[in-house]
Amino acid sequence: MSEIEEALVRIKDLEGVEGYVICNNDGTVLRHQVDMTKKLADDLARNLTKIATRATNVARDLDPNDDLRILRIKTGRKEAIVSHEKDFIVIVLQEWKPKSDQD
């Protein structure tokens with residue numbers, strides 16, 4: 001099983017996952033969730049790859065011996081998790097609900 005297939009197995013059935021995109025380090029989509037439009041997958045890959053590349057550069061500026069592994073971006077209702085692998089980037093979109101005071 002390829003590394004990409006292994007990544008898909010890990011994320012596809014996680015609770016709260018609404019979509020995923022796997023792209024190369026240039027932002028070219030390799031795989032995306034079946035019910036996601038190609039345009040959305042391309043937009044997410046292009047934009048989040050740029051952000052992840054910049055965040056990686058910042059991490060290396062802070063410590064040249066360190067690497068960015070995961071970048072999380074939260075909005076009021078969604079969360080994007082960007083994971084840098086050696087040859088590809090995994091982007092996971094998931095629903096995000098703040099904990100209530102009663103939890």
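The values are calculated or read from the model by the stated rules, or taken from the named source; none is laboratory data. Model, not experiment: these values are computed from the prediction. In this analysis, Cβ positions are derived from the backbone assuming ideal geometry, glycine residues included, and neighbour counts consider all displayed protein chains. Please note that ligands, DNA and RNA were not included when accessible areas were found on the heavy atoms of the full protein model with its side chains. Shrake-Rupley method; radii C 1.70, N 1.55, O 1.52, S 1.80 Å.
Observations on the model:
- Accessible surface of the chain, 1.4 Å probe, proportion on carbon and sulfur as whole %: 49
- For the chain, the relative contact order works out to 28 percent when only alpha carbon pairs closer than 8 Å and six or more residues apart are counted.
- With each label modelled as a point 7 angstrom along the Cα→C-beta vector, the residue 25-residue 72 pair spans 2.6 nm.
- Cα shape, the chain, gyration tensor, a/c 1.5 rule: oblate
- Whole-Å distance, taken between Cα centres, linking segment 1-22 and segment 28-103: 13
- Across segment 45-97, C-alpha contacts under 8 Å between residues 6 or more apart give a mean separation that, scaled by the residue count, equals a relative contact order of 27 percent.
- Size of charge dipole - the chain - debye, nearest 20, with Cβ of Lys, Arg +1 and Asp, Glu -1, no other charges: 380
- Cα-based reach from residue 86 at 30 Å (exclusive), listing lysines while leaving out same-chain residues under 8 positions away: 12, 38, 39, 50, 74, 78
- Protein heavy-atom accessible surface, 1.4 Å probe, per residue over the chain: 72 Å².
- A protection proxy built from the mean count of other Cβ atoms within 10 Å ranks the segments 59-65, 13-19, most packed first, as 13-19, 59-65.
- Sorting 69-80, 39-50 by average packing, meaning the other beta carbons within 10 Å per residue, from highest down gives 39-50, 69-80.
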